[in-house]
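Asker: Encoded as structure tokens, here's the structure I'll be asking about.
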Amino acid sequence: MIDDRDISTNPPPAAVKDAARGRVLMRARGLRKVFGGQVVLNGVAFDLHEGEVVLLRGPNGSGKTTLLNILTGNLVPDGGVIHLTVNGTLEDFTFPRCWWQNLNPFDHFLPERVAREGIGRSWQETRLFPSVSLIDNVFAAMPEQPGENPWNVLFRPHRVRAAEAAGREAAEVRLTELGLGGRDASSGDKVSLGQSKRVAIARAVQGGARILFLDEPLSGLDGTGIHSVVDLLRSLVRKHRITLVMIEHIWNVRHVAPLAHTVWDLHDGRLSIRRSPVTETVALPGEQDDLRIPDLFPDFRLARTIDLPRAARLDIYRRPGDAPATPVLQVEDLVVRRGRRLVIGENDSANGTRGLKLSIRAGDLAVLQAPNGWGKTTLLDALAGLIPAEHGSVSLCGRALTALPTWERFGQGLRYLRADSRGFPTLNVGESLRLAGRRAGEDLSLRSALSYGQLSGGQKRRVQIHALRHDRSCLFMLDEPFSALDKQTVAAAAEVIKTSFSADKRALLVALPASADAGLQT
Amino acid sequence: MSYALHLLIYLSMYVVLAQSLNLVVGYMGRLNLAHAGFVAVGAYAYALATVVLGWTFLPGLLLAVTLAVALSLLLSLPSWRFRGDFFIMITLVVQALLYGVIHNWTSPGADLGSLANLTNGPFGIAGIPKPAISGIQFDTIGRMAALSVALAGICTALTLRLTSSPWGRLLKCLRDDELALRGLGKDVRRLKVQAFAFCCGLAAVGGVIYASYVSYVDPTTASLDESILLLCMLCVGGMGNFRGPMAGALVLLLLPELLRMTPMPQAVAANVRLMAYGLLLIVIVHFRPQGLAGDYRLE
């Protein structure tokens, strides 16, 4: 291990060389983390300078999120040192801690402590406070509010009221900057993904973050959402000189790459750091290419495009030469509401609501592209029977599904991969696959004794894709199947999907964010 | 008339209890089954202060609230670490502990209020004097009702003020996502201690209203049934806002009174009342999971 006293007193040569970069805000040496016998991080070391923008990359399961969790205090490393600039001086946090260090409750490297020192983070799932309005989401993040002390609330109402007014104004300004001026009363669970991602980042900044760790800030976003989040990040870097460390997966790397000064490659538990002009660092051979659905399924051609309401569309790919086939999925006049909000279907002034109508035939590869907040997941959930439809009919291979509960729909041959990586965290990989009726030990290159909860996001996705049953299936519905996957895994997943889909009486419905900055146009 | 006043006193007591429980259950999202235990702590502290020490109303109230706030650490410290089902078990333990202490801290022959016989065990403490504040005697039922309504008014105003403040917003954020809140640099431990302190302190006020009106306390005040009744009020009325606990207290208090109006033998009525509770709870949970007037649904 590197002698940390030496480092904390003498700046390393790299920092001297680019002093223009700013002082060191955070420094780590020899970080180590082991999960169930598997070494995830092994001697990770870096210096993070003020104003630096870092792109953290690595294959699925390489420990990107683990590193982020450690640096934000959400996970305790097994060994190593973290130095953090606190009031201009570097403070040391050495791991593992001795028992007597644990007696002092004030010097732990805990999320709230770290956040107070100006380190914010965003989560992969945005984690806005769902029952609190957007403005309060941002407002709650502000540090040092007098109204958070009940004593002030009860006995110094003037002070609280003044601070409230000022804070509310600041939060409103922040939301208006994000183009969410009119939405400030909506609660956190009622805005689209793109909006909630921006609010989550703004919330962290409002909380006084000088360093922001972003876990896949662009995942699941449509084209507009990506642009707005990238714009926000750019203004944070340029205007506010905020230090960023971003994890982004391959689909979206090229959007954030122009911002980055530094690339951290995490491989086999070690970090290799490259500070060179952006174009060189980012273009790893082969990684810049877009992944396109037609590339993944080369023998398919676009057969027709169905325009759906509100800027969504359904592209149908078929193999040329396939005979016209029988319909697999037929949806007539489907109307779905979430609470009072109409999600699927249109308001028609003449005759009330008009439902969604679509049909997919055997052998079709149907790609549903819709903007965030359109209701892709709602539609698929309604087709799977997880949420009730107001009216309309759904039939699968000629059998009516409308009145059937979810499990019987699955019995009729419906297969559904949800967008979240939810699974059974205490089952191991083998058990998860067997539960889904698949043989364990199929080629997943994962130890089947690992429990599902220990897997990384990409690995969970792979297990889920493998767990889709093929026999007696007729329609696969995949909600953002390739999110959180690296390139190799995408190819492997596409292969699994292709083999399951090769028999003739099946169809595939894939939902993706719209406008396909992920390169999904033909 | 005096029957209506009697109901009014009970209503104001239950409003205080439901509102205080709502702070922790509705706003902070932690199920709490120990509320009746803290009501009894308040009631017993007040009873001992007035009967044994001869204190007047206000010092007795102050003692009751202070003691309950101190004992609230029994709940708030475990809440630092435990959540979900395990935390509910902790509250159950605290409930059993408080009940057990009150029920058993007695020995035959020893004086009431001595260390050997603090609570007089199952026999309870009788003869609690009617309250008096600076010479005004609250000895008629009308005056007692005025006092309890005034106390309830102060307590609900306090909860309303707290829950509409930034502090209340923090509680809601804590209920929604504790980790995200910590990630914003908020001290959730202090927040939990504060919330339980208010919850238990206000429960003690409810206990003082009860003890001073009925002039008698016994361990049934601390029973688990009472805790469940209070939680039912939140489930039926709704939680996470101001209206919900009000509605719950009103419905669950008036329901048995309505049953009393029907010509039914007393023995049957008691059972019918329990069945009505159960039925009401099932119907509400099924058709209106957020309660009659609530904002938040306990998952």
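The values are calculated or read from the model by the stated rules, or taken from the named source; none is laboratory data. The model shown is predicted, which means the values in this text are computed figures rather than measured ones. Glycine also receives a Cβ, built like all others from the backbone with ideal geometry; neighbour counts cover every protein chain displayed. Calculation scope for accessible area: heavy atoms of the full protein, side chains included, ligands and nucleic acids excluded. Shrake-Rupley method; radii C 1.70, N 1.55, O 1.52, S 1.80 Å.
Asker: Against the longest alpha carbon principal axis of chain A, how many degrees, from 0 to 90 and to the nearest 10, is the axis of helix A:193-206 turned?
Answerer: The answer is roughly 10 degrees.
Asker: Students often forget the sequence filter, so: which aspartates and glutamates lie under 13 Å Cα-Cα from residue A:357 once same-chain residues fewer than 8 apart are removed?
Answerer: Output for residue A:357: A:307, A:332, A:333, A:346.
Asker: Now for a different question. Say R0 is 60 Å: what FRET efficiency, to the nearest 0.05, do residue B:275 and residue A:406 get from their beta-carbon distance?
Answerer: 0.95
Asker: Let me ask something else. Apply the a/c threshold of 1.5 to the C-alpha gyration tensor of segment B:56-136 and tell me whether it is rounded, prolate or oblate.
Answerer: Verdict is oblate for segment B:56-136.
Asker: Expressed in nm to one decimal, what extension gain is obtained for the pair residue B:53 and residue B:260 from 0.36 nm per residue of sequence separation less their Cα-Cα distance?
Answerer: 70.6 nm
Asker: What list of ³J(HN,Hα) values in whole Hz, one per residue of segment A:39-48 in order, does the Karplus curve 6.51 cos²θ - 1.76 cosθ + 1.60 (θ = phi - 60°) give from phi, with Gly and Pro shown as x?
Answerer: Karplus values, whole Hz, x for Gly and Pro: 7, 8, 10, 9, x, 7, 9, 6, 10, 10.
Asker: Quick one: 3J(HN,Hα) in Hz for segment A:466-480, Karplus 6.51/-1.76/1.60 with θ = phi - 60°, rounded, Gly and Pro as x.
Answerer: Per-residue couplings from phi come out as 5, 7, 5, 7, 9, 5, 6, 9, 10, 9, 9, 10, 10, 9, 6 Hz.
Asker: Measure up A:197/A:376; A:376/B:192; A:197/A:239 against 29 Å on the Cα-Cα distance and list the ones that go over.
Answerer: A:376/B:192
Asker: Something else: Which value in nm describes the separation of the simple spin-label points at residue A:241 and residue A:470, placed 7 Å from the Cα toward the beta carbon?
Answerer: 5.9
Asker: Here is a follow-up. Please compute the contact order of segment B:217-299 in relative form: average sequence separation of alpha-carbon pairs under 8 Å and at least six residues apart, divided by the residue count, as a percent.
Answerer: 41
Asker: Whose amide H sits under 5 Å from the amide H of residue A:428, counting only residues 5 or more places off or on another chain, with H placed in the peptide plane?
Answerer: A:452
Asker: Which three extents, in angstrom, do the Cα atoms of segment A:359-402 have along their principal axes, listed largest first?
Answerer: Computed over segment A:359-402, the largest-to-smallest principal extents equal 31, 27, 14 Å.
Asker: List the residues, sorted by chain then number, that are 5 or more residues from residue A:510 or on another chain and whose placed amide H is less than 5 Å from its amide H.
Answerer: Amide H to amide H, under 5 Å and 5 or more residues apart or across chains, residue A:510 pairs with A:366, A:367, A:368, A:478.
Asker: Which residues among segment B:38-55 fall inside the zone where the amide N is under 15 Å from a point 7 Å beyond the Cα of residue B:66, along Cα→Cβ?
Answerer: Hits in segment B:38-55 for residue B:66 at 15 Å: B:42, B:45-50, B:53-55.
Asker: Give the Rg/Rh ratio for segment B:33-189, taking Rg as the radius of gyration of the Cα atoms and Rh as the Kirkwood radius, to two decimals.
Answerer: Checking Rg against Rh, the ratio lands at 1.05.
Asker: Scan around residue A:353 for amide H atoms under 5 Å from its own, H built in the peptide plane at 1.01 Å from N, and keep only partners 5 or more places away or cross-chain.
Answerer: Here the answer is A:348, since their amide H atoms fall under 5 Å of that of residue A:353.
Asker: So which lysines pass the test for residue A:64, namely a Cα distance under 17 Å, with those fewer than 8 places away in the same chain ruled out?
Answerer: A:33, A:460, A:487
Asker: Then there is this: Using a Förster distance of 51 Å, how high is the FRET efficiency between residue A:353 and residue B:190, based on the Cβ-Cβ distance and rounded to 0.05?
Answerer: Taking R0 as 51 Å, the efficiency between residue A:353 and residue B:190 is 0.55.
Asker: Can you sort A:360, B:141 by solvent-accessible area, 1.4 Å probe, largest first?
Answerer: Final ranking, largest accessible area leading: B:141, A:360.
Asker: Another one. What is the dipole size for chain B, taken about its Cα centre, with +1 at each Lys and Arg Cβ and -1 at each Asp and Glu Cβ, in debye to the nearest 20?
Answerer: Computed about the Cα centre, the dipole is about 740 debye.
Asker: So what's the gap between the Cα centers of segment A:28-54 and segment B:43-80, to the nearest angstrom?
Answerer: So the two Cα centres are separated by 51 Å.
Asker: Looking at the square roots a ≥ b ≥ c of the eigenvalues of the Cα gyration tensor of segment A:131-208, which shape do they give, rounded for a/c under 1.5, prolate if a/b is larger than b/c, or oblate?
Answerer: It comes out prolate by the Cα gyration axes.
Asker: Now for a separate question. With θ set to phi - 60° and the Karplus curve 6.51 cos²θ - 1.76 cosθ + 1.60, what are the ³J(HN,Hα) couplings of segment A:58-70 in order, to the nearest whole Hz, using x for Gly and Pro?
Answerer: x, x, 4, x, 7, x, 5, 5, 4, 4, 4, 5, 5
Asker: Using +1 on the beta carbon of Lys and Arg, -1 on that of Asp and Glu, and nothing else charged, what's the dipole of chain A about the Cα centre, debye to 20?
Answerer: 540
Asker: Simple spin-label model, 7 Å along Cα-to-Cβ: residue A:186 to residue A:108 in nm?
Answerer: Here the answer is 3.7 nm between the modelled labels.
Asker: How much accessible area does residue A:261 have with a 1.4 Å probe, in Å² rounded to the nearest 10?
Answerer: 70
Asker: Another question, then. Can you give the accessible area of residue B:17 in Å² (nearest 10), computed on protein heavy atoms with a 1.4 Å probe?
Answerer: Result for residue B:17: roughly 0 Å² accessible.
Asker: Let me ask you something else. Please work out the Cα convex hull volume for segment A:293-516 and give it in Å³ per residue.
Answerer: Given the Cα convex hull of segment A:293-516, per-residue volume reads 129 Å³.
Asker: Label-point separation (nm) for residue A:155 and residue B:243, each offset 7 Å from Cα along Cα-to-Cβ?
Answerer: Modelled inter-label distance: 3.5 nm.
Asker: Let me ask another. What number does chain A give for Rg over Rh if you use C-alpha atoms and the Kirkwood radius?
Answerer: 0.99
Asker: What is the antiparallel percent of DSSP beta bridges lying wholly in the protein assembly as shown, to the nearest 5?
Answerer: Restricted to the protein assembly as shown, the bridges split so that about 65 percent are antiparallel.
Asker: For segment B:214-230, list residues with backbone N below 20 Å from a point placed 7 Å from the Cα of residue B:283 toward its Cβ?
Answerer: It comes to B:229-230, nothing else.
Asker: Which whole number gives the average count of other chain Cβ atoms within 10 Å of the Cβ atoms across peptide A:141-148?
Answerer: Average per residue, whole number: 5.
Asker: Which one of B:19, B:266, B:137 has the biggest mean-square fluctuation once chain B is modelled by GNM with Cα springs under 10 Å?
Answerer: Answer for the Gaussian network model of chain B: B:266.
Asker: If I stretch the segment between residue A:177 and residue A:273 completely, what's the gain in nm (0.36 nm per residue apart, minus their alpha carbon distance), one decimal?
Answerer: 31.2 nm
Asker: To continue, here is another question. With a 1.4 Å probe and all protein chains in place, put A:451, A:196, B:134 in order of accessible area, largest first.
Answerer: B:134, A:451, A:196
Asker: While we're here: Restricting to Cα pairs below 8 Å that are 6+ residues apart, what does the relative contact order work out to for chain A? Please round to a whole percent.
Answerer: The normalised contact order for chain A reaches 15 percent.
Asker: For segment B:172-299, rounded, prolate or oblate, judged on the Cα gyration tensor with a ≥ b ≥ c (square roots of eigenvalues), a/c < 1.5 rounded, else prolate if a/b > b/c?
Answerer: Oblate is the answer for segment B:172-299, as a/c is 1.5 or above yet b/c matches or exceeds a/b.
Asker: Continuing with this model, one more query. What residue among B:107, B:294, A:485 has its Cα farthest toward the positive end of the dipole of the protein assembly as shown, where the charges are +1 on Lys, Arg and -1 on Asp, Glu, each on the Cβ?
Answerer: Projecting each Cα onto the dipole axis, the largest value belongs to A:485.
Asker: Among B:119, B:262, B:156, which one shows the highest mean-square fluctuation when chain B is modelled as a Gaussian network with alpha-carbon springs under 10 Å?
Answerer: B:262
Asker: Considering chain B as a Gaussian network with a 10 Å cut-off on Cα pairs, which listed residue, B:268, B:94, B:236, attains the greatest mean-square fluctuation?
Answerer: Maximum among the listed residues: B:268.
Asker: When the Debye formula is applied to the Cα atoms of chain B, each taken as the same point scatterer, what base-10 log of I(q)/I(0) results at q = 0.07, 0.08, 0.09 Å⁻¹?
Answerer: Per q value, in the given order, log10 I(q)/I(0) is -0.26, -0.34, -0.43.
Asker: Accessible area of residue A:342, 1.4 Å probe, to the nearest 10 Å²?
Answerer: Here the residue's solvent-accessible area equals roughly 40 Å².
Asker: Separate question: Kindly list the residues of segment A:472-492 that lie in the label zone of residue A:295, defined by a backbone N under 20 Å from the point 7 Å along the Cα-to-C-beta vector.
Answerer: A:480-492
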